[in-house]
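What follows is a single structure, written as structure tokens, with notes after it.
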Amino acid sequence: MGLFETGAHSLAEQALDATWYKQRVINHNIANVDTPDFKAKTVNFDFILREAKCRCKYHGGIDHDDCHGYYGKSDEEPLKLSVITTYETNTNQILDGNNVDMEKEQMALADAQYQYDALIDYLNHNYSMIRKAINKN
């Protein structure tokens, strides 16, 4: 097993890709706020991330209510993060058929940016620990 082949590192990299994609979709929604008949899209990977977390061996097969049966399998298969993109149905359409809610999109963009920043901080912390360990020799 390589230095960067841990489940947590792999999951963090996949989450970075997913948050980048989420920001891209939100920016596309914002750019089309005045486009007639445009339907906003939503990116969701939180539920899948929770399932992946619950498959982690640290849960030791203990049944958690939010795990949906995906626990205790990390030795059998690597963690994979999937992204689900759907059309937004919880916002009202205006007369031209567009359903982009600017307040909602701006809040979602800020949330995605915080997620991305937290993941970058996590990876930077791991890399700094490795640098410190290398420099001690």
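In this structure, ILE94 does satisfy being without any contact (Cβ under 8 Å) to a residue 24 or more places away in the chain, farther than 16 Å from GLN23 by Cβ, of a type in the set (Val, Ile, Thr) and not in a helix (DSSP H, G or I). Report, by residue number, each residue of the range 1-54 that is open to solvent by 60 Å² or more (accessible area, probe 1.4 Å), modelled with pLDDT of 90 or more and more than 21 Å from ASP96 (Cβ to Cβ). Within the range 1-54, ASP17, TRP20, TYR21, ARG24 qualify. Considering only the range 72-116, state which residues are within 22 Å of GLU13 (Cβ to Cβ), open to solvent by 40 Å² or more (accessible area, probe 1.4 Å) and either aromatic (Phe, Trp, Tyr) or at pLDDT 90 or above (or both). Selection gives LEU109, ASP111, GLN113, TYR114, GLN115, TYR116.
The values are calculated or read from the model by the stated rules, or taken from the named source; none is laboratory data. Note that the structure is a prediction, hence the values are computed from the model and not measured. Methodologically, a virtual Cβ is constructed for each residue, glycine included, from the backbone with ideal geometry; neighbour enumeration extends over all protein chains shown. Just the protein is used for accessible areas: all its heavy atoms, side chains included, with ligands, DNA and RNA removed. Shrake-Rupley method; radii C 1.70, N 1.55, O 1.52, S 1.80 Å.
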